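The values are calculated or read from the model by the stated rules, or taken from the named source; none is laboratory data. These figures come from a predicted structure and were not determined experimentally. Note that we place each Cβ from the backbone using ideal geometry, even for glycine, and neighbour counts take in every protein chain shown. The protein model used for the area step is the full one, side chains on, heavy atoms only, and it has no ligands, DNA or RNA in it. Shrake-Rupley method; radii C 1.70, N 1.55, O 1.52, S 1.80 Å.
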There are 2 protein chains.
Amino acid sequence: MTKQFKENIYEWIDKNEQKAVKLLQRLVQEKSVQGSESAAQAIVVEVCRELGFQIDIWEPNFKELEQNENFISNRKDFMNSPNVVAVMKGSGSGGNSIILNGHIDVVPEGEENQWNEAPYSGVVKEGKIYGRGTTDMKGGNVALLLAMEAIQQCGVKLKGDVIFQSVIEEESGGAGSLATILKNYHADAVLIPEPTNMKIFPKQQGSLWFRLKVHGRSAHGGTRYEGVSAIEKSVTVMEYVKDLETFRNSKIKDPLYSNIPIPLPINIGKIAGGNWPSSVPDLVTVEGRIGVGPDETIEEVKAELANKLVSLQKEDSWFIENPVELEWFGARWLPGSIPLDHSFLQVLSNNYLDVTKEKPIVEASPWGTDGGLFTNVANIPTVVFGPGVTEVAHYPNEYIEIKKMIQAAKIVASTLVDWCKVE
Amino acid sequence: MTKQFKENIYEWIDKNEQKAVKLLQRLVQEKSVQGSESAAQAIVVEVCRELGFQIDIWEPNFKELEQNENFISNRKDFMNSPNVVAVMKGSGSGGNSIILNGHIDVVPEGEENQWNEAPYSGVVKEGKIYGRGTTDMKGGNVALLLAMEAIQQCGVKLKGDVIFQSVIEEESGGAGSLATILKNYHADAVLIPEPTNMKIFPKQQGSLWFRLKVHGRSAHGGTRYEGVSAIEKSVTVMEYVKDLETFRNSKIKDPLYSNIPIPLPINIGKIAGGNWPSSVPDLVTVEGRIGVGPDETIEEVKAELANKLVSLQKEDSWFIENPVELEWFGARWLPGSIPLDHSFLQVLSNNYLDVTKEKPIVEASPWGTDGGLFTNVANIPTVVFGPGVTEVAHYPNEYIEIKKMIQAAKIVASTLVDWCKVE
């Protein structure tokens, strides 16, 4: 019976490919950067309403959120920035519930002249849909909705609840997902279709942003030997950071990382120092991100970096009087995971095989998602798996392959059938 | 006779120390950053008028200046920014003429909270006068005026002309001095009392500002191995620049540099690159200044740096497809000098001994002045010698020692007596 249900579902999905493409285009064309999410959410609400789901729309409450230690945001209110949760109620007992979580917010488009088409065009070319948000991650969200609608339209009644979430603020710290957790939305597993190139990530890396301030001593450039160059000192500091990365990664034995060159990278993303070509620079600021492994805690990782910076003093006494200042700021992602023997993972993998006729690639992810909040704060096992193209997320000319979006919808739908179980 | 003249002059200068201090205070209190020179120049004009000098006040002509290859300025006009030249005419033949050149412009004060007193206070404390411009170089200018007034007030009639110049734009490329040269002001020697800590600089370094752009390839920080860090590449670039500095300095044999750790420094003054902690940076900009030796040409030095950057390609093939971009921008100082056997240098040194009872320290200077323009464009031998404190020029809490300003005035006055000769 299940097999027949799945075939019907796959057929329905194929028939409705254009409808899905149009929906994604509409969603992409509503630019939903931080603060401007409501128009895109309105489309989501409209779709869920037509499907008869039980809808919850609310603006997260800053005062409530800021009490929680996991709240990270540069905003002080979320007016006009609603979360949307839509529940396809199951019939009752005997099945598993699931949260299907996707973020509606997108990062800014950057320099428009780097895009071939307008950044929010939703143009379709050669089987791809282009625009900021296609891959990260509105295409994934559409795959979820398509899966849910297929199940409904094919008359398949599930036992467990399917809780679809369209959240704000994933790109800026997770306040949207955190708000759903604090509202007590719970399930037996979470699936987040972030852009994984169709890989399955049972473990997801967390990350922290750090800022280092390296001090020097000013002097005229013509007598530079009277000063101490903060740029030269920062080169030593960055060597130590690289050394820490090598050490941290030498400890990793997890086979999920075996195909990944650097499992837990420390990236130096930004440097700025000095202000006058003719002066020795006396301050350099360096910013970067450090990966947090699924089996590590935030506190452990913070301490490792702090200790490494202190150890500079043994090599160079300048750092005794002028220690590197370390600050943790901005975005933070908790690591996430699902136990490798968890049945949900098995169900997902089996259905991946059923749809694509190939075994999935199962890996540890190199970047964080809201999955860390579900894993660590809500204690719900979380898997990340989606049709978007990892390499183009956040870049110009972002796109998604329609074929992959459709495949992902089928895999999610058949996974729901096996996981939530059918009446 | 000359000895008696000099003693009278020294006595007059000592008696008029307070007058000189008051004049410097008035000059310092008129903040004369680029574009705002006229109030300070008005004071200079008033002093020169009282002394009966032949005065020439004019605003440099942009259209005329921009025809000259040595014109460097970020300004397109000099309205309300006058040069002042005041001539104490000599009696006629038999003596040498001299240009006494000082700039009236000052660099900005920077962060006011770094100053103990208000930056343009002119406060006197423990024998020092404080304020932006005291040392660089209004104190030197006052020493010149005091010397000229002493000679006049003591009834000493010189044979050669003394041409006092109070110019704009020294800090921004030399347009003021260049304008006097294009107006055909000429003499047998030039003295510039920039802040040398009372050392005599018969050779002065030039300098050029350079900007380097180092390219990388963007990627997500969590998969940083897919990108190429422009920050890492810029570290290699800076190593090569340091290597060039070592090489250039290994060639220097001139005894004038023997007490100087790095005769011709290459200073990296500013770095900026990347814009997101979670991204591999794809562009880093580095700015610095490279010293030009008194016996070098600008073109030679430019070629050396360009070739060094090309040589990176042998070590790292990344630089073949992604060569470092080199741009020469902003300020430029030509090197200056006076032949070591030039009689003016002898006269100055002798009078230094006469006044201070010590031999002067004679060195090659580590930084550029308008002396390069006089040496290379006007072909007039130039010496730099002044009472200001090198280390505090351009910094907060800039000051000058009154005692040194007075000594310098005496040395200049007695030098004029011997150089211009007396009726």
Given all pairs of different Cα atoms, what value in angstroms does the Kirkwood hydrodynamic radius of region A:275-423 take?
19.5 Å
Treating the angle as unsigned and between 0 and 90°, give the value, to the nearest 10°, between the Cα long axis of helix A:17-29 and the longest Cα principal axis of chain A.
40 degrees
Quick one: angle between helix B:139-153 and the longest Cα principal axis of chain B, in degrees between 0 and 90, rounded to 10, please.
20 degrees
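Could you list, in their original order, any pairs among A:Lys76/A:Lys270; B:Lys270/B:Lys403; A:Lys138/A:Lys421; B:Lys159/B:Lys357; A:Lys76/A:Lys159; B:Lys251/B:Lys302 whose Cα atoms are separated by more than 29 Å?
Too far apart for the 29 Å limit: B:Lys270/B:Lys403; A:Lys76/A:Lys159.
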Going by a 1.4 Å probe on protein heavy atoms, which residues of region B:379-395 end up with at least 40 Å² less accessible surface in the whole assembly than in their chain alone?
B:Tyr395
Along Cα→Cβ, 7 Å out, is where each label goes; now give me the distance between the ones at A:Lys3 and A:Gln153 in nm to one decimal.
2.5 nm
Please report Rg over Rh for chain B, where both radii come from the alpha carbon positions and Rh follows the Kirkwood definition.
1.03
CD proxy at 222 nm, helix term only [per DSSP H run n ≥ 4: -39500 (n - 2.57); per residue of chain B; nearest 500]
-10500 deg cm²/dmol
Sequence-distant residues sharing a close amide H with B:Gln204 (under 5 Å, placed H)
B:Gly336, B:Ser337, B:Ser365
Can you list residues whose amide H is under 5 Å from B:Lys270's amide H, if they're 5+ apart or on another chain and H is modeled 1.01 Å from N?
B:Glu287
Value of D in µm² per second that Stokes-Einstein yields for the protein assembly as shown, Kirkwood Rh from Cα pairs, at 20 °C (1.002 mPa s):
68 µm²/s
In nm, the gap between the two label points placed 7 Å beyond Cα toward Cβ at B:Glu59 and A:Asn350 is 8.7 nm
For region B:206-333, would you read off the P(r) tail past 22 Å as a percentage of all alpha carbon pairs?
41 percent
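For region B:206-333, report the accessible area per residue in Å² (1.4 Å probe, heavy atoms, rounded to an integer).
Here the per-residue accessible area is 42 Å².
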How crowded by other chains is A:262-268, given as the mean number of beta carbons from other chains within 10 Å of each beta carbon?
6
Report, largest value first, the span of the C-alpha coordinates of region B:1-80 along each principal axis, in whole Å.
49, 31, 21
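For chains A and B, what's the summed buried accessible area, probe 1.4 Å, to the nearest 100 square angstrom? Walk me through the intermediate numbers first.
Values: alone 18590 and 18590 Å², together 33470 Å².
Roughly 3700 Å² of accessible surface disappears when A and B pair.
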Gyration tensor verdict on region B:1-159 (Cα atoms; rounded if a/c is under 1.5, prolate if a/b is larger than b/c, oblate otherwise):
oblate
Working from Cα positions, state the angle (0 to 90°, nearest 10) between the long axis of helix B:402-420 and the longest principal axis of chain B.
70 degrees
